[in-house]
Amino acid sequence: MKKQFILEAIDVTFEYSDGTKALDGVNISIEKGKKTAVLGPNGVGKTTLFLHFNGILKPKSGKILYNGEEIKYNRTELTKLRKNVGIVFQNPDIQLFSASVYQEISFGPMNLGYPENIVKEKVEKAMKQMRIIDLKDKPTHFLSYGQKKSVSIADIIAMEPEVIILDEPTVYLDPKHVQEIMGLFDKLAEEEKTIILSTHDVDFAYSWADYIYVMRKGKVVAKGEPAVVFTNEKELDWSDLRKPMLLEIYEILKEKGIMNGSNIPKNIEELKKCIK
Amino acid sequence: MKKQFILEAIDVTFEYSDGTKALDGVNISIEKGKKTAVLGPNGVGKTTLFLHFNGILKPKSGKILYNGEEIKYNRTELTKLRKNVGIVFQNPDIQLFSASVYQEISFGPMNLGYPENIVKEKVEKAMKQMRIIDLKDKPTHFLSYGQKKSVSIADIIAMEPEVIILDEPTVYLDPKHVQEIMGLFDKLAEEEKTIILSTHDVDFAYSWADYIYVMRKGKVVAKGEPAVVFTNEKELDWSDLRKPMLLEIYEILKEKGIMNGSNIPKNIEELKKCIK
Amino acid sequence: MLIDSYSYTNRMYNVHPVEKLLFALLTMILCFEFDAYTNIAVIILMFVVTVFKAKIPARVYIKLMLIPFSFLIISILTLIINVIGDKSVALISLNIFGVTLGITEKGINTAVILFFRVLAVVSCLYFLALTTPVVDIINVLKKLKIPSLFLELLQLIYRLIFVLVEAAEEIYISQDSRLGYATLKNSYRSLGFLISSLFIKSYKDSQDLYVALEARGYNGELKVIGKDYKFCYKNIIFIILIELILISISMLLRR
Amino acid sequence: MKKWKWVLFTAFALLLIAPEIAYSMHIMEGFLPLKWCIIWDIASLPFVVVGLIAINKKVKENPKLKMLLGFAGAFAFVLSALKIPSVTGSCSHPTGVGLGAILFGPFVMSVLGLIVLLFQALLLAHGGITTLGANTFSMAIVGPIASYYIFKGIKKAGGPNWLAVFLAASIGDLLTYVTTSLQLAIAFPTEVGGFTASFLKFMGIFAVTQVPLAISEGLLTVLVINMLTAY
């Protein structure tokens, strides 16, 4: 079966008005229904790339395809695109504009022009999915950082997009919260949603993603399935990356000849099973 | 030799004005010249505790000792204390408020009332230590996150405190930066500086710290050397913590009988050496 | 901001905001026509409703009532001490540089009425502010055909106040830790830094907020839907009854 | 003798309260007679409407402006809640009137000022709803217009930037309180001497507290504008 790509960036170049090149010939193909991680340190253009995916920014050269078709930058097409491609921004304090959690989440569906009763349904469904029903009557400024993050994700889920893009979702969250939110993403992935996220956490990207893109200075420098990307020593410039700890340990054990099988383990349980 | 404690919290309780109990009978003793990590999820009172250590907050009951003496909350004493105990806050985006890097780092020494040439000396020394000499004349808001973090640490180093406290220093930094900054801390530790940091990254705390405090809901729930804290299964409630990956793998390998020696490894190199 | 946090946690949170607004504003306006005794009744009424019905701690309520006192006392002293021509009408008088200052009985009467009126109106304000979240007040204003631009600004500013207050607190603590407020000279410099960096942050964040809203299909209007409330006719009747009682008390006293 | 004690007591009380009064400088809830509340509401309305129309036009040209104004309003609120250190050791708040007018123009400030005053009443119990119109007139209309034109005037006359900013902020601040005194005097004329006597009385009280504060605010605004231009 041929792979179906829902979002593609073809030779995309972008410059900010002050002349800094943010993207420099980026080629990325996001497979439908998969979990893709874009890895790289701060300031390599991950956020700029995401803003291209729902038409906030327009490439200087190159093009963006959604479901195989080049996106058009008129109002109607953009509204459709933004319904289908949602972005959860890094800092929830900047994304949340309303003091009421309920009103906040209703903003997206309202913009899509649904009648009020449908909007209410969608808001409530999103709150249920994010398990924040109990925050309904709370003002935004009472929430903890983790709760604000959950609301900012519900903002997007309420619009029922095909693709959910998350910019550094794990930053500032403690491990327990990260696990909870990742559990929710796995559920969304089961519903055929495509999930893209940026991160600089190699351990996390390694065990979470189906496919990884590594970016540096506005360019894609490596791509592939996690185990492939990180074992391709020569190809990868390690100057601002490190190997996932699990992989490193796996390689040591393999060298010493105490690993079974040829599958590279993705988490500790898998590692445990492979040890002779 | 008797241990020398530079900072101690004795039965410290603190409530915010809205009545939430942030600290609830906390006892902590920080040994001079050591690297201490305070571990726990967001909102358990780590930052509140730190704000007690330099007298920004005053305990509702209990007391704080600096070098064995209870701290006093008058202007002169507080000035002295804050010179000796510096805090690097979590979010450098907010902590940096000056237009230029030089002006920013000179803020502390200027407030200490040094003449200009001494201020200049101290700023330059701090920039050298943090390896940011080349940023000297740059405006702060053009820096990358990692650079901002380095500047915010230089802010404190320029005041030459005895104790450096860092609130979640590794958050949002890419792995390379974390390693660099940790290398700098090791150097500071060699100069007899005491370093305290908070983190929710167990892997990091495990391999970095000399001594660990685990906090939950305003209380200290466990303390000790890293290997001791994390192997004390019964004592520790794992509900919002997980075991360091390295330790977990070590235990698996030990169980399978392929570990040498009785020392628990603190990093991958040590682990490698122990494998039969 | 204590008042704001109580407005979301009090026991009258779920009462229809129109009912609360009606009660507060109607009583407020009537206070201007009432005599001192009726206004004392209003003060007691608002205290009882706010403390016993909405369950705002009495300690908090009384602390809030003390806020206006400094302004009140100084303004009233200013009002009643006057230059007077005829010493005989003055209860107390004093000559300074040939000018006679004094207090008249009439002045005191006016002051007493004013004093209780102010406290009565203030307690109406407190009832409203402590029981009704700003979000609800804005939702009520929406139904009054107030220009949507104004309401959108209200909504945005209310949310962003908390974002900036948090940022200001963080900057302040970080400066204070570095001895930014150890001397008067330091304080001025630090405050200047704080204000300018808050301003820069505001500018940058406003650009980012726009992008985040655009990504969710923003097209010039901040459309949202509010919570549903149920009118309680019993409450309306109750409010009208209370106002009628207050009016009749004042009528009786006037006679 | 008795009178002297009384005078001493009053003077002492005034000294104690004087720094405080500056902090709650808005005319408080319920203080003005209903008639004057309505008159000042009506007087403020045209300025707010003109401000709204101006904002509406600008927002249509540049949709990002709405978010910027949102932040500007919140910024003004936070400024008004800040305490500034003063020489007497007591603290008071900068009004931000001058700063806002210089940065955003006077008519935009009338709308933002009204909103800020409303939130001050509801969130901080400063000022009030019945006196909203009167306070808007003094703090969000007279102050900003004065500041703005003083700033423009001095710049046009070739005066240095710092002087323009200093005078705009401090005179804007003072005129705000002159207006407040005026509003109180019209509503409460004295039996002898009427409006003028009453006005002088209120001015006298405010002068004690407001002149040093206006100077502080002027200095601070110069400092902030300098720091902003450094960016």
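Taking all Cα pairs closer than 8 Å and separated by 6 or more residues, the relative contact order of chain C comes to 29 percent. Amide hydrogen proximity for residue B:159: with H placed 1.01 Å from N in the peptide plane, no residue at 5 or more positions away or on another chain lies under 5 Å. A 1.4 Å probe run over the protein chains yields, for the stretch C:96-255, 43 Å² of accessible area per residue, whole-number rounding. Mind checking the angle between helix C:233-254 and chain C's longest principal axis? C-alpha axes, 0 to 90 degrees, to the nearest 10. Around 30 degrees separate the two axes. Across B:102, C:126, the residue with the most accessible area heads the list, and the full order at a 1.4 Å probe is B:102, C:126. So how tilted is helix B:101-111 from the main axis of chain B? Cα-based, degrees 0 to 90, rounded to 10. Computed tilt is about 80 degrees. Rounded to the nearest 5, the antiparallel percentage of DSSP beta bridges internal to the protein assembly as shown is 60%.
Note on the protein assembly as shown: with charges restricted to the Cβ of Lys and Arg (+1) and Asp and Glu (-1), its dipole about the Cα centre is near 1240 debye.
With every protein chain left in place, what is the accessible area of residue D:40 in Å² (1.4 Å probe, nearest 10)? Near enough 20 Å² of accessible area. For residue B:14, nonlocal amide neighbours, meaning residues 5 or more places apart or on other chains whose placed amide H falls under 5 Å from its own, are B:22, B:23, B:24, B:25, B:60.
Couplings for the stretch A:196-204, taken from phi via the Karplus curve 6.51 cos²θ - 1.76 cosθ + 1.60 with θ = phi - 60°, read 10, 9, 9, 7, 10, 8, 5, 4, 5 Hz in order; Gly and Pro are left as x.
Given a cut-off of 21 Å, name the pairs among C:223/D:64; A:243/B:34; A:254/B:273; A:276/B:234; A:32/A:83 whose C-alpha atoms lie farther apart than that in the structure shown.
A:243/B:34; A:276/B:234
Residue by residue, the stretch A:56-70 carries 3J(HN,Hα) couplings of 5, 10, 10, x, 6, 9, x, 8, 10, 10, 10, 6, x, 10, 5 Hz when phi is fed to the Karplus relation 6.51 cos²θ - 1.76 cosθ + 1.60 (θ = phi - 60°); x denotes Gly or Pro.
So, for chain B, what is the accessible surface per residue at a probe of 1.4 Å, expressed in square angstrom? Before the final figure, lay out the partial values.
Values: 12030 Å² over 276 residues.
Here the per-residue accessible area is 44 Å².
Association of chains B and A removes close to 2900 square angstrom of accessible area from solvent, both sides included, for a probe radius of 1.4 Å.
Calculated mean residue ellipticity, 222 nm, chain B: -11500 deg cm²/dmol, from DSSP H runs (n ≥ 4) at -39500 (n - 2.57) each, averaged per residue and rounded to 500.
Scanning chain A for GluC sites (Glu not before Pro) in DSSP loops with at most 14 other Cβ atoms within 10 Å, what's the longest stretch left with none?
Values: sites that count: A:191, A:192, A:233, A:235.
Here the longest run is A:1-190.
Charge tally for residue D:56 (other residues, Cβ to Cβ under 15 Å; Lys, Arg +1; Asp, Glu -1): +2. When you restrict to C-alpha pairs under 8 Å that are six or more residues apart and normalise by the size of the stretch A:1-150, the relative contact order lands at 19 percent. Here the alpha carbons of the stretch B:3-241 define both size measures, Rg and Dmax, at 17.7, 57 Å.
Given just the C-alpha atoms of the protein assembly as shown, how large is their convex hull per residue in cubic angstrom?
On the way: hull volume 207.3 nm³, N = 1038.
In the protein assembly as shown, the Cα hull volume divided by residue count equals 200 Å³.
Here the Debye sum runs over all C-alpha atoms of the stretch C:144-214 as equal scatterers in vacuum, and log10 of I(q)/I(0) at q = 0.18 Å⁻¹ comes out as -0.78.
For the stretch B:119-152, the residues whose amide N sits under 19 Å from a probe point set 7 Å from the Cα of residue A:20 along the beta carbon direction are B:132-152.
Among the protein heavy atoms, those of residue B:52 account for about 0 Å² of accessible surface (1.4 Å probe, every chain in place). Here the 3J(HN,Hα) profile of the stretch D:68-81, calculated from phi with Karplus coefficients 6.51, -1.76 and 1.60 at θ = phi - 60°, is 5, 5, x, 5, 4, x, 4, 4, 4, 5, 4, 4, 5, 8 Hz, Gly and Pro shown as x.
If you only keep lysine pairs separated by 8 or more in sequence, or across chains, how many in the stretch C:1-143 come under 23 Å at the Cα atoms?
Working: C:20/C:53; C:20/C:55; C:20/C:63; C:20/C:142; C:20/C:143; C:53/C:63; C:55/C:63; C:87/C:106.
Lysine pairs satisfying the spacing and distance rule in the stretch C:1-143 number 8.
Excluding same-chain neighbours fewer than eight residues apart, the lysines reachable from residue A:46 by a Cα-Cα span under 17 Å are A:21, A:35, A:58, A:60, A:63, A:217, A:219, A:223. Relative contact order for the stretch C:85-183: 12 percent, from Cα pairs under 8 Å spaced at least 6 residues apart, divided by residue count.
Would you mind checking the tilt of helix B:175-190 against the longest principal axis of the Cα atoms of chain B, expressed as 0 to 90 degrees and rounded to 10? Between helix and principal axis, roughly 80 degrees. Backbone amide hydrogens, once placed in the peptide plane, bring residue C:67 within less than 5 Å of nothing, excluding anything fewer than 5 places away on its chain.
Using a ≥ b ≥ c from the Cα gyration tensor of chain C (square roots of the eigenvalues), is it rounded, prolate or oblate, where a/c under 1.5 gives rounded and otherwise the larger of a/b and b/c decides, a/b for prolate? Let's see the in-between values first.
Numbers: a/c = 2.47, a/b = 1.27, b/c = 1.94.
Oblate, because a/c is 1.5 or more while a/b does not exceed b/c.
The values are calculated or read from the model by the stated rules, or taken from the named source; none is laboratory data. Being a predicted model, the structure only gives us computed values, none of them experimental. Note that we place each Cβ from the backbone using ideal geometry, even for glycine, and neighbour counts take in every protein chain shown. We work out accessible area using only protein heavy atoms, side chains counted, and drop any ligands, DNA or RNA first. Shrake-Rupley method; radii C 1.70, N 1.55, O 1.52, S 1.80 Å.
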